[in-house]
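Beneath this line is the structure, given in structure tokens, with notes to follow.
The values are calculated or read from the model by the stated rules, or taken from the named source; none is laboratory data. Only a predicted model underlies this, so the values are computations on that prediction, with no experimental measurement involved. All Cβ positions, even for glycine, are placed from backbone atoms using ideal geometry, and neighbour counts span all protein chains on display. Please note that ligands, DNA and RNA were not included when accessible areas were found on the heavy atoms of the full protein model with its side chains. Shrake-Rupley method; radii C 1.70, N 1.55, O 1.52, S 1.80 Å.
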Amino acid sequence: MTKARNVSTDRREFLKFLAASPLMAMAMSTGWSAEDLLGAELQGTQGAGLITSPEQAINVFDFEDVARAVMNPAHFGHIATGSDDDATVAANRDGFSKYVIHPRRLVNVSKIDTSIELFGKRLGTPIFLAPAGGQMFCNPEGEIATAKAAVAHDNTMILSTGTTSSIEDVTAARGAPVWFQLYPNGSLSVSRKLIQRAEAAGAPVIAMTVDQLPGRNTETDQRMRRTIPGYTGVREKSPACLGCHAGNRNARRPMTSAALSGDRPGEDAKLDWDFVRQVRDVVKGKFMLKGVVTPEDAELSLKYGLDGVYVSNHGGRSAATGYGTIEALPAIVKAVAGRVPIVIDGGIRRGTDVFKALALGASAVSVGRPYLWGLGSFGQPGVAKVLDILQREFALVMKQAGVTSIPAIAAGRYVTAR
Ligand SMILES: Cc1cc2nc3c(=O)[nH]c(=O)nc-3n(C[C@H](O)[C@H](O)[C@H](O)COP(=O)(O)O)c2cc1C
């Protein structure tokens, strides 16, 4: 079931921020009034032809265009931002073009199986939902909408410490346990509380994000905030801004309110591998670090007894490394040598990207921004359609390449560097 956007509400909201929007520049260059341009776009008649319902989407980027047009610019900017000049966001995407697919012909692919076995569980798809904090800034249903949308293709959901719905509610909405992403700070007792609560809710895997500990410089985010007329520096004045990254949001979010109060989750420059060792002792289930981009840190993960490696650069929004996670993957796969599973995210937008990551040795992939675009555009039906498109594209690539199962993807020589 899908729902069309309420165009008049969107229009009012949009016009409030119009002065600062890129559409204003477009309107001026075309000679149309900005309102005409918006009307044409949202009704899908002419102009840029924005989709007005999820069914119209041809690929996941259709949702990015709608999200940019209808979301509060500060919120969209928070999704879009990378670090510094956003070069690492672009590198994540460009990285995939450095690898090519070698399809095999005349294989019977009338039946394929996209399921994977991970940590002793069979999962319907290798496409996961990466953790993203504060999803109510995209839609009032936030993580609940995302969880419900993940049911159809059995996408594994990784819930952020910064979630705007509790893990108990999200697990109920998903109808299955979710993985929990832990933002550590210097206090082991805070991490212990969060881990124990997540594990009590059934989370089989804890992924501790370590790529943001020294802080970060997200310039696009800062610039977009300033485009809101009257913006004072505090975005969370409105209830819809529960998800915003400003002020004392942690005191109001369900996972962090009890544990963290005013602390900033995920940022603490003094944390080191000894902290990892201590957290390892707390986690009863599977434990991995999210944010590994070097073979050295993958090897240390194994040395410290972790159960997997999550290759990520936070979608290019932590350290400005200038290279894509997919480029980092082969050396990490070599270092890990099949001893533990590898999850990867960063720039995955296409079925071909999923296929390339698996062929290069990842066990599963996560997507971040695409489902947030879906959520910001159309709520739950938007997320559902994004996941549907990725699954459909991926299944098609498997067939085109001549593989019928996920293990066969890594076993063959289907992907090489260009
Ligand atoms: C708006 C937004 C919020 C995010 N919040 C978190 C978070 O709370 N914890 C975390 O570990 N990663 C967070 N991430 C990073 C994602 O988990 C993931 O690493 C990244 O989005 C993957 O890249 P992609 O967006 O290109 O798919 C966030 C990303 C975005 C875009």
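Things worth noting here:
- For the stretch 73-139, the calculated P(r) over all alpha carbon pairs, in 5 Å bins from 0 to the bin holding the longest distance, is 3, 10, 11, 13, 16, 16, 14, 9, 6, 2, 0 percent.
- Taking the 1.4 Å solvent-accessible surface of the stretch 88-417 as the whole, the part contributed by carbon and sulfur is 52%.
- Taking every alpha-carbon pair within the stretch 88-417, the share separated by more than 35 Å comes to 17 percent.
- In the full protein context, the stretch 88-417 carries 38 Å² of accessible surface per residue, based on a 1.4 Å probe and ignoring ligands, DNA and RNA.
- Unsatisfied cross-links (Cα-Cα over 26 Å) in the set K148/K399; K111/K385; K290/K334; K284/K385; K98/K290; K111/K356: K148/K399; K284/K385
- Annotation: peptides 73-79, 144-150, 285-291, 200-206, ranked by per-residue average of other Cβ atoms within 10 Å with the highest first, follow the order 144-150, 73-79, 285-291, 200-206.
- Near the amide H of Y310, within less than 5 Å, lie the amide hydrogens of L289, G291, V292, V343, all on another chain or at least 5 residues away, with H placed in the peptide plane.
- The rule of thumb for compact globular proteins, 2.2 N^0.38 Å, goes into the C-alpha radius of gyration of the stretch 149-227 1.30 times.
- Rounded to the nearest 5, the antiparallel percentage of DSSP beta bridges internal to the stretch 88-417 is 20%.
- When only the Cβ of Lys, Arg, Asp and Glu is charged (+1, +1, -1, -1), the dipole of the stretch 88-417 relative to its Cα centre reaches about 500 debye.
- The stretch 59-209: mean projected area of Cα convex hull, nm²: 12.4
- Between the residues A269, A328, V340, the greatest Cα displacement towards the positive end of the dipole of the stretch 88-417, with unit charges on the Cβ of Lys, Arg, Asp and Glu, is found for A328.
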